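Worksheet: one structure, shown below.
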Amino acid sequence: MNTLVRENRDADRAQNEQFVAPSASVVEAGDGYTLEVEMPGVNKEGLEISIENNELTIRERRSLPTVEGTLIHRESRPENYRRTFELDPSIDADKINAKIDQGVVTLTLPKAEHVKPRKIAVS
Amino acid sequence: MSLIRYQPLEPMAWPSLERWSNLRDDLNSLFELPFWSSFARQGQLFGGWSPALDLYQDKDNIVAVVELPGMRKEDIEISLHDRTLTISGERKSQTSNGEKAERTERYIGRFRRSITLPTRVDANKISATYRDGILAVTLPKAEEAKPKQIQVTVN
């Protein structure tokens, strides 16, 4: 079960809007995967997660804190985030769950019942 | 010299053409990965995590805005030494036994980030907020660093 969540990076490349691919980590547990995506400055309202053709896309518009004064040094990127992941066929797309906490989106991707290991009793 | 009639290659003759095109896309996309942007920012290959930091200033305050996604408030340390602001902390791994990391781009462990402020600040009045993974540190400027209006009387 190695293939799992592969990125699809070249989709929508022709679009004009620039995006930043957020850092992500994927962990496999026995009955599913956990996908963590770093999106500092994002809250629930700006987040959009969609699944199409077995590809999961996360995009968001960040709401930067309004700070008074003039910017004198900048390292953050002004672009919004977007990243697409290809889902492993074993994932049950209907049961995907997402939460966001302090700028990290955690997606729980459970495996479908029919791919979980099971024992077959011999009669 | 003999002239040979030009024969365009038929797509069928190159069954693996699509693979080359994929390879090219993969190579191009390497440069769009977060690794490269953070590499450019840090200027070093294995320097750990150097969170992006923005500085703002107005006449009374300097504000440092730092991207620190997924921290606990208790794990962030802010210190000031002279004009050097240091933000450090530790992001702890939440992976437990029986789990297998398939891809790890998020940095786990200790980090430390320093920046020299443009003016002196009042160390006793520093305040900070942490929301949506963004730390905002407000540093009031020291009295002697504030711009002053000097009245000149002309006789």
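The values are calculated or read from the model by the stated rules, or taken from the named source; none is laboratory data. The model shown is predicted, which means the values in this text are computed figures rather than measured ones. Positions of Cβ are generated from backbone atoms using ideal geometry, with glycine treated the same way; all protein chains shown enter the neighbour counts.
Before moving on, here are some points about what is shown:
- Subset of the stretch A:70-88 [farther than 14 Å from B:Gln57 by Cα and surrounded by 13 or more Cβ atoms within 10 Å (Cβ to Cβ)]: A:Glu75, A:Ser76, A:Arg77, A:Asn80, A:Tyr81, A:Arg82, A:Arg83, A:Thr84, A:Phe85, A:Glu86, A:Leu87, A:Asp88
- Strands (runs of 3 or more DSSP E) lying entirely in the stretch B:52-114 (those with 2 or more residues that are without any contact (Cβ under 8 Å) to a residue 12 or more places away in the chain, among the aromatic types (Phe, Trp, Tyr) and more than 22 Å from B:Ile126 (Cβ to Cβ)): none
To keep it simple, each residue is scored yes or no on (1) touching a Gly at 6+ places or on another chain (Cβ under 8 Å); (2) on the phi < 0 side of the Ramachandran plot; (3) more than 9 Å from chain A (Cβ to nearest Cβ); (4) surrounded by 13 or more Cβ atoms within 10 Å (Cβ to Cβ).
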{"residue": "B:Glu74", "(1), (2), (3), (4)": "no, yes, yes, no"}
{"residue": "B:Gly89", "(1), (2), (3), (4)": "no, no, yes, yes"}
{"residue": "B:Thr116", "(1), (2), (3), (4)": "no, yes, yes, no"}
{"residue": "B:Asn124", "(1), (2), (3), (4)": "no, yes, yes, no"}
{"residue": "B:Ser127", "(1), (2), (3), (4)": "no, yes, yes, no"}
{"residue": "B:Leu139", "(1), (2), (3), (4)": "no, yes, yes, yes"}
{"residue": "B:Glu143", "(1), (2), (3), (4)": "no, yes, yes, no"}
{"residue": "B:Pro147", "(1), (2), (3), (4)": "no, yes, yes, no"}
{"residue": "B:Val154", "(1), (2), (3), (4)": "no, yes, yes, no"}
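- Pairs, first charged (D, E, K, R) in the stretch A:106-123, second in a strand (DSSP E or B), C-beta under 6 Å, six or more apart: A:Lys111/A:Gly32
- Identification of strands (runs of 3 or more DSSP E) wholly contained in the stretch A:20-69 with 2 or more residues that are closer than 16 Å to A:Lys95 by Cα, touching a strand residue (DSSP E or B) at 6+ places or on another chain (Cβ under 8 Å) and of a type in the set (Val, Ile, Thr) yields A:47-52.
For (1) surrounded by fewer than 19 Cβ atoms within 10 Å (Cβ to Cβ); (2) farther than 22 Å from B:Ile108 by Cα; (3) within 10 Å of chain B (Cβ to nearest Cβ), each residue gets a yes or a no:
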position: A:Asp31; (1), (2), (3): yes, yes, no
position: A:Leu35; (1), (2), (3): no, no, yes
position: A:Ser50; (1), (2), (3): yes, yes, no
position: A:Glu68; (1), (2), (3): yes, yes, yes
position: A:Ser90; (1), (2), (3): yes, yes, no
position: A:Asn97; (1), (2), (3): yes, yes, no
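- Within the stretch A:99-123, considering residues that are among the β-branched types (Val, Ile, Thr) and more than 14 Å from every other protein chain (Cβ to nearest Cβ), the one nearest to A:Gly30 (Cα to Cα): A:Val115
- Selection from the stretch B:97-138 of residues that are at pLDDT 85 or above and of a type in the set (Phe, Trp, Tyr): B:Phe111, B:Tyr130
- Any chance B:Lys141 is farther than 25 Å from A:Asn43 by Cα and at pLDDT 90 or above: yes
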